[in-house]
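Written below as structure tokens is the structure these notes are about.
The values are calculated or read from the model by the stated rules, or taken from the named source; none is laboratory data. These numbers were taken from a predicted model, which means no experiment stands behind them. Methodologically, a virtual Cβ is constructed for each residue, glycine included, from the backbone with ideal geometry; neighbour enumeration extends over all protein chains shown. These accessible areas exclude ligands, DNA and RNA; they are computed on the full protein's heavy atoms, side chains included. Shrake-Rupley method; radii C 1.70, N 1.55, O 1.52, S 1.80 Å.
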Amino acid sequence: MSVSTAKAPAKNAYLAGVRDGWPFIFVVIPFSTLFGVVATDAGLTLAQAMGFTVLVIAGAAQFAALQMMMENAGIIFVLLAALAVNLRMAMYSASLVPHLGAAPLWQRALVSYLNFDQTYITSITRYEARPEMTVAERFQYFVGVATPITPLWYGMTLVGIYAGEAIPEAWALDFILPITFLAMVGPMMKSLAHVAAAAVSIIVALALISLPSGTGLLIAALAAMVTGAAVETWMEPRA
């Protein structure tokens, strides 16, 4: 097989990834713009907000950390909150190993950076449907899915920052972050385990509201994870 022939399937895989990834821009644009607005309202500078979105590149974790920062929580609580929200990324990474574990180190590092909900779910579905794909094709497809999403995440965050600076302080945007979380969490309520975890997190968070900022939320998150796992275990024999 010639070099040009070998490169063609990888190129086709990349273009297929771009095709499958572009519909996500309709979710990325509003959420990244909103993050820029809320980050500005929380007092972050342009460099801080952009550094945040480029380094973290995970919407739920960014909003969770920002909420804790707005409540003046300690840095350890901010980091733990973001980590708790993003624990699922460890499971994503583990399930990608059989498909991309043989890729060069720099490719695996890039996949790790670009490993978020949209790229993972779309790519793993493709890999399972087409087991004949080579490692090179899988990598190209993964990057293709991320191509229309990632630059927009950066760019629209910048737009949101400048939009937030133009919004008068009297408008009070404090309500935006809770509404955003509701919009993100609502579609995730797909099973009894999800509903139980959400209910426990709400009850525990409200019960511990008097604790130092951030502590109650972390305990509520832990209680929710334990509840979700327990309900899943209870339901398995009955499925």
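What to note about this one:
- Restricting region 191-239 to residues that are farther than 20 Å from Leu87 by Cα and in a loop (DSSP other than H, G, I, E, B), the residue that is modelled with the highest pLDDT: Leu208
- Among residues of region 52-87, those that are over 16 Å from the mean Cα position of the chain (by Cα) and closer than 24 Å to Val27 by Cβ, counted: 3
- Residues considered: Leu15, Leu100. Of these, the only one that is open to solvent by less than 20 Å² (accessible area, probe 1.4 Å) and farther than 28 Å from His194 by Cα is Leu100.
- Within this structure, Gly36 passes the test of being in a helix (DSSP H, G or I) and small (Gly, Ala, Ser).
- Pairs where the first residue, in region 90-116, is over 19 Å from Val54 (Cα atoms) and the second is open to solvent by less than 50 Å² (accessible area, probe 1.4 Å) and not aliphatic (A, V, I, L, M), C-beta under 6 Å, 6+ apart: Tyr92/Asn115; Tyr92/Tyr120; His99/Tyr127; His99/Arg138; Leu100/Arg138; Ala103/Phe139
- Scanning region 65-97 for residues that are open to solvent by 50 Å² or more (accessible area, probe 1.4 Å) and among the hydroxyl-bearing types (Ser, Thr, Tyr) turns up just one, Ser93.
- Scanning region 37-51 for residues that are of a type outside the set (A, V, I, L, M) and either modelled with pLDDT of 90 or more or surrounded by fewer than 17 Cβ atoms within 10 Å (Cβ to Cβ) (or both) yields Gly43, Thr45, Gln48, Gly51.
- Residue in region 158-171 that is modelled with pLDDT of 80 or more, buried (at least 20 other Cβ atoms within 10 Å of the Cβ) and assigned to a helix (DSSP H, G or I) present: yes
- Among the residues of region 40-84, those that are of a type in the set (S, T, N, Q) and either in contact with a Leu (Cβ under 6 Å, 6 or more places away or on another chain) or in a helix (DSSP H, G or I) (or both) comprise Thr40, Gln48, Thr53, Gln62, Gln67.
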